Structures are given as structure tokens and as C-alpha cells.
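The values are calculated or read from the model by the stated rules, or taken from the named source; none is laboratory data. As the structure is a computational prediction, the values presented were derived from the model and not from experiment. Counting neighbours? That spans all protein chains shown, and the Cβs are built from the backbone with ideal geometry, glycine included.
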Amino acid sequence: MKTYAPNSPEAVARVLAMAIVSDGELDRREIHVLEDMDAYSAIGLTRNEFLKVAKDFCGDLARLDAPSISLLAKDIFDPVVGAVTDRAMRDRAARLLVAVVGADNHHAPQERLLLSSILAAWSVDPDTLVGESSKK
């Protein structure tokens, strides 16, 4: 899988991309919520740069030689989530993740599990994010 420099805008974008595809679907509302929150500039990318990172992530997953893919598998989850170590970047990304997961008003079990796993890995208290997803 492709890697990015730690704490780079692309590293944050890759975590967001992982959340977007975690339920097996790409819902336009998830992209729209990022646009509404001005997420691209918040992480330091343009919309097209973000979409390229997301496309590359999906391509990486498609190239895996496995009958099924779990985003929580150590060889996928750890390098993607572990590439964001900066506390401020983690907090910013966590708020965006909450918004993405809630964008379609349906919290699929795999989305909830991925979100809780990311927040736990980053030591982010989910209670601090309540109500934050609607703020720009």
C-alpha cells in the first residue's frame, strides 16, 4: 500500500478515505459533508488532491490479494491510522471522521467499529466530539 509522510495532508486524507469506504459504498453525502466543512483546506489539500488520495486508497485495496478485506486488519489499519501522530491533526481529523460517518444518517456497524477503533488508537475521547461535526 502507498504510504505518505507522517502527519502530511495526504496521510490525513487517507484516514478520511478509509472511513468513506468503510461501509463498502461511496455516498456522495460523505463527500458533500467534507465540502460543507471546508475539510480539504482544513487538512491542506484541494478537493482534487483529496479525491486522488481517496482513489489511490481504493486502488490499493483493489490490488490486495485477499478474498475479503478488513480495514481493521493490522497491515491496513496500523500504517494508515498510525501515519497521523500530531495531536492537533488527530483532533481535526476526528471531527471530520464523525461528520463523514454520520453524513448519510445511517451508521453501519463497520463504520461505527472503524470510527471507534481510530479514536481509540488516537486516544481521542468521542464525548469531546459530540456536536462538533456540524461546526466549520
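Can you tell me which residue in the stretch 77-95 is surrounded by the fewest Cβ atoms within 10 Å (Cβ to Cβ), limited to those that are closer than 12 Å to I118 by Cα and of a type in the set (A, V, I, L, M)?
Taking the candidates together, the pick is A83.
Do we have any residue at all in the stretch 33-48 that's crowded, with 16+ Cβ neighbours inside 10 Å, without any contact (Cβ under 8 Å) to a residue 24 or more places away in the chain and within 13 Å of the chain's Cα centre (by Cα)? Reasoning before the result, please.
At the first step, the residues of the stretch 33-48 found to be crowded, with 16+ Cβ neighbours inside 10 Å are 33-34, 37, 39-40, 42-43, 45.
Then drop every residue that is not without any contact (Cβ under 8 Å) to a residue 24 or more places away in the chain, which leaves 40.
From what is left, the residues that are within 13 Å of the chain's Cα centre (by Cα) are 40.
Scanning the stretch 33-48, I find at least one residue that is crowded, with 16+ Cβ neighbours inside 10 Å, without any contact (Cβ under 8 Å) to a residue 24 or more places away in the chain and within 13 Å of the chain's Cα centre (by Cα), so the answer is yes.
Can you pull out every residue in the stretch 50-74 that is surrounded by 14 or more Cβ atoms within 10 Å (Cβ to Cβ) and of a type in the set (D, E)?
D56, D60
Would you tally the residues in the stretch 102-114 being among the small types (G, A, S), in a helix (DSSP H, G or I) and either modelled with pLDDT of 90 or more or in contact with an Asp or Glu (Cβ under 8 Å, 6 or more places away or on another chain) (or both)?
Residues meeting the conditions: 0.
Specify which of the listed residues (S133, S117) is part of a helix (DSSP H, G or I), at pLDDT below 95 and not basic (K, R).
Exactly one of S133, S117 is part of a helix (DSSP H, G or I), at pLDDT below 95 and not basic (K, R), namely S133.
Is it the case that some residue within the stretch 56-70 is among the polar types (S, T, N, Q) and free of Cβ contacts under 8 Å to residues at least 40 places away in the same chain?
Within the stretch 56-70, one or more residues are among the polar types (S, T, N, Q) and free of Cβ contacts under 8 Å to residues at least 40 places away in the same chain.
Among what's in the stretch 120-130 and is part of a helix (DSSP H, G or I) and modelled with pLDDT of 90 or more, pick the residue that is nearest to A83 (Cα to Cα).
A121
For a quick check of your reading: which helices (runs of 4 or more DSSP H) sit entirely within the stretch 1-95 and have at least 2 residues that are among the hydroxyl-bearing types (S, T, Y) and within 26 Å of T128 (Cβ to Cβ)? First the steps, then the outcome.
Working: elements: 9-20, 28-36, 39-43, 47-63, 74-82.
Correct list: 39-43.
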